[in-house]
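The values are calculated or read from the model by the stated rules, or taken from the named source; none is laboratory data. These numbers come from a predicted model, not from an experiment. Positions of Cβ are backbone-derived with ideal geometry, glycine not excepted, and every protein chain shown enters the neighbour counts. With ligands, DNA and RNA removed, areas are computed over all heavy atoms of the protein, side chains included. Shrake-Rupley method; radii C 1.70, N 1.55, O 1.52, S 1.80 Å.
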Amino acid sequence: MTEQTLDDLQQIHVPGLLLRPFVDSDAPAFAAAALESVETVGRWMPWCHAGFGAETALAWFAACRSGREAGSAYEFGVFDAASGELVGGVGLNLINLQHRYCNLGYWVRQSRQGQGIATRCVPALTQLAFGMLALHRIEIVVAVGNAASERVALKCGATFEALARKRLLLHGEPVSASIFSIVAP
């Protein structure tokens, strides 16, 4: 990442990928990625369902802009640097400035899973969290059974800390989740 301020943070470059805030014109591509990924992403992220449409994406983008303006979340679309294809999303959210920690989340569209996309994005967001945001701790919360997300967390140097009972709500049901952390050096 180049030297920037939070106000002008509009792009993060990682090998083969571009991370940037969503813009309204991304809504059709986001909806297509969600619909393609209901079977895999939708299993772990209830927002990704068969009824997802461009209007749902626009509502999410508005929430992302509000979170950025409030300093409570920094969400990014992940785009293939060569083709411009939307390949997923990553973000820092639930930012707690009092205790200097946040949540880090990621998803990759079904046709691009297994290509190391999330693994390439996490270090860039870690740098943002520990650099510009001056946080001390990042948590990655993964529903039990989501082996792919657990692998990403571990490959990126996160430490498994605990199994939290009924930590996430998936499809209306509370489920246990593994808590991983990355702490500032």
Report task. Residues being out of contact with any Phe, Trp or Tyr (no Cβ under 9 Å at 6 or more places or on another chain) and either buried (at least 20 other Cβ atoms within 10 Å of the Cβ) or in contact (Cβ under 8 Å) with a residue 24 or more places away in the chain (or both): count how many of those fall in segment 44-54. Result -> 1
Report task. Hey, could you check segment 121-172 for residues that are open to solvent by less than 50 Å² (accessible area, probe 1.4 Å), part of a loop (DSSP other than H, G, I, E, B) and among the aliphatic types (A, V, I, L, M) and say which is farthest from residue 76 (Cα to Cα)? Result -> 158
Query - Selection status of residue 111, crowded, with 18+ Cβ neighbours inside 10 Å and of a type in the set (Gly, Ala, Ser) - result: no
**Report entry** Subset of segment 23-32 [more than 13 Å from residue 84 (Cβ to Cβ), touching a strand residue (DSSP E or B) at 6+ places or on another chain (Cβ under 9 Å) and open to solvent by less than 20 Å² (accessible area, probe 1.4 Å)]
**Finding:** 30
Requested in this report: Of the numbered conditions (1) open to solvent by 70 Å² or more (accessible area, probe 1.4 Å); (2) farther than 16 Å from residue 64 by Cβ; (3) touching a strand residue (DSSP E or B) at 6+ places or on another chain (Cβ under 9 Å), residue 97 fails exactly one; give the number of that condition.
Outcome: (3)
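Determine, yes or no, whether residue 85 is over 21 Å from residue 15 (Cβ atoms) and open to solvent by 40 Å² or more (accessible area, probe 1.4 Å).
Answer is no for this residue.
How many of the residues making up segment 60-96 are of a type in the set (A, V, I, L, M), under 12 Å from residue 133 (Cβ atoms) and not in a strand (DSSP E or B)?
First pass over segment 60-96, keeping only residues of a type in the set (A, V, I, L, M): 62-63, 70, 73, 78, 81-82, 86-87, 90, 92, 94-95.
Okay, now just the ones that are also under 12 Å from residue 133 (Cβ atoms), so 73, 92, 95.
Applying the additional criterion that residues be not in a strand (DSSP E or B) yields 73.
Summing the residues that are of a type in the set (A, V, I, L, M), under 12 Å from residue 133 (Cβ atoms) and not in a strand (DSSP E or B) in segment 60-96 gives 1.
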Query raised in the report: Quick check, is residue 116 surrounded by fewer than 19 Cβ atoms within 10 Å (Cβ to Cβ) and either in contact with a Phe, Trp or Tyr (Cβ under 6 Å, 6 or more places away or on another chain) or not aliphatic (A, V, I, L, M) (or both)?
Result: yes
Query raised in the report: Just checking, how many residues over segment 69-80 are surrounded by 15 or more Cβ atoms within 10 Å (Cβ to Cβ) and either farther than 15 Å from residue 12 by Cα or small (Gly, Ala, Ser) (or both)?
Result: 3
